[in-house]
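Q: The following block contains the structure, expressed as structure tokens.
Readers should treat all values here as calculations from the given coordinates under stated rules, not as data from a laboratory. Note that the coordinates shown come from a computational prediction; the quantities given were computed from them, not determined experimentally. All Cβ positions, even for glycine, are placed from backbone atoms using ideal geometry, and neighbour counts span all protein chains on display.
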Amino acid sequence: MAPATAVPTPNTAMRELRGDLSPAEFATVIRRAAREIGEHVSCDARYIGRVEAGAIRCPNYAYERVFRHIWPDRSLTDLGFSPRTAVRGRPAQHPPHHFDEENDDVRRRTFLSGGPTALATVLGLDGPAQAATAHPALPLPLPAPRALSTARRVGGADVRRVEQAVRDIRSADDAHGADALFERAGRSLRNAYLLLNEGEYSLDTERQLQSTAGELAISVGWLAHDSQRLTDARSFYAEALATARMADDSALEAHVFCNSAFLARDAGRPREALRAAQAGQSAARRLDSDRLLALLAMREAGGWAALGDRGSCERALGRAYTLFERGESECDPEWMSFFGEAEIAGLEAQCWSALGEWDRASAQASLAMALQQPQFVRNRALYTAELAHDRLGRGDLAGAAEHGSAAVELLGQVRSARIRGMLADTAQRLRAFRGVSEVRTFLAGYDSAVAA
């Protein structure tokens, strides 16, 4: 007989903290606090309602950091939540309350503000940074990795450093794009695997280190993808998948397949994209995360669109939105903080674009731009470039040029070969229409940016 489902216990502590604010107003306070520490959470009135009803027994790590920022003297238990170990049945992969949280926050904020030595500090994993020349808005390169002695004992502090490296790579990519990060992050990945392959550790530390090293491999694979190093990206994802299988880590496996599906679609292998998205959904069904299943359904929709199968694409889109509208949960992976209303609209725009539905693609790309949070600079540049492409597809030369010019203005902040490639295609197709004033303006700005 199946065990009875436990009745959720209302979270009266969070309800008392909300006070006279409406759920929507309280959600706004939480989103504002998240921005203060460089986090992104898609908190809304529905999420607050689920917290207060006890449906969310323990928040994910991003929400936990925000709550600790707002109420630094209160633990999760004080806020009415259950311990993470009680909810997920495994030790928390997060710094304990006594860890150097203040310095960790300072380090994260320094990194996000673009300090010149920040990346070497947070990603080095092995020592001080070496002097080098870098773009003024981006951190310095990493020092070369060094081998570990066979006596090196690896513990929780090492795991946390790898976890933080993953978070900071993602934050830097959101702000600057992948091109300037790929080589540096790759060195950190080699160091993480040195810890895994040459260190000594407990079984619990081994499991945590395998998962975090796999996440780091996925992050580096994404940087390779966005830098148009597609073969490298495929290799990093294969490394991460092997790590996931060895660790029997369904969450890591689902993440690998999610990214692999995206890569295969961009590489012109739609059937592979479809298979990867479907394999990811099989792995994710064990994780109780509707948002993860929604993202994987969007990846499947992208594969169907690339194959020209409109009916299957629309069915996958419908599934994705149904899952997405169920809201967030404590089981949502930390890496999914980017997957909000802007991202799902942007992914839908890509589907309609692949199907040649230019009006629908333009509408969704415009919605994605309107909804995108300001800290996701790379995504704003991406959606703007996509909108230029979609406007051109519908024959709107002036509109394509205007959005192309807006994307060019963001290139000074973003280094992404993928986005530059999209703009290069738009520019090439517009060169035959120099008689349109908006087109001349775009081409002049684009050519100047490329030559710089």
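Q: What is segment 1-90 by shape, rounded, prolate or oblate, if you read a ≥ b ≥ c off the alpha carbon gyration tensor as root eigenvalues and call it rounded for a/c under 1.5, prolate for a/b larger than b/c, and oblate otherwise?
A: prolate
Q: Once you charge only the Cβ atoms, +1 for Lys and Arg and -1 for Asp and Glu, what is the size of the charge dipole of segment 1-90 about its Cα centre, to the nearest 20 debye?
A: 360
Q: Calculate one ³J(HN,Hα) per residue across segment 375-385 by plugging θ = phi - 60° into the Karplus curve 6.51 cos²θ - 1.76 cosθ + 1.60, and present them in order as whole Hz with x for glycine and proline.
A: Values per residue, Gly and Pro as x: 6, 8, 5, 4, 5, 4, 5, 4, 5, 5, 5 Hz.
Q: Residue by residue, what Karplus-based ³J(HN,Hα) values in Hz, rounded to whole numbers, does segment 275-289 have, using 6.51, -1.76 and 1.60 with θ = phi - 60° and x for Gly and Pro?
A: 4, 5, 5, 5, 5, x, 5, 4, 5, 6, 5, 8, 10, 6, 10
Q: Under the Karplus relation 6.51 cos²θ - 1.76 cosθ + 1.60, θ = phi - 60°, what is the ordered set of whole-Hz ³J(HN,Hα) values for segment 8-13, x standing for Gly and Pro?
A: The phi angles translate into x, 9, x, 8, 6, 5 Hz.
Q: Also, I was wondering about something else. P(r) for segment 205-273, please, calculated from all Cα pair distances in 5 Å bins and given in %.
A: Calculated P(r), rounded to whole percents: 4, 21, 30, 22, 14, 7, 2, 0.
Q: In whole percent, what relative contact order does segment 1-90 give with Cα contacts below 8 Å and a gap of six or more residues?
A: Working: 86 pairs, mean separation 29.1, N = 90.
Computed over segment 1-90, the figure is 32 percent.
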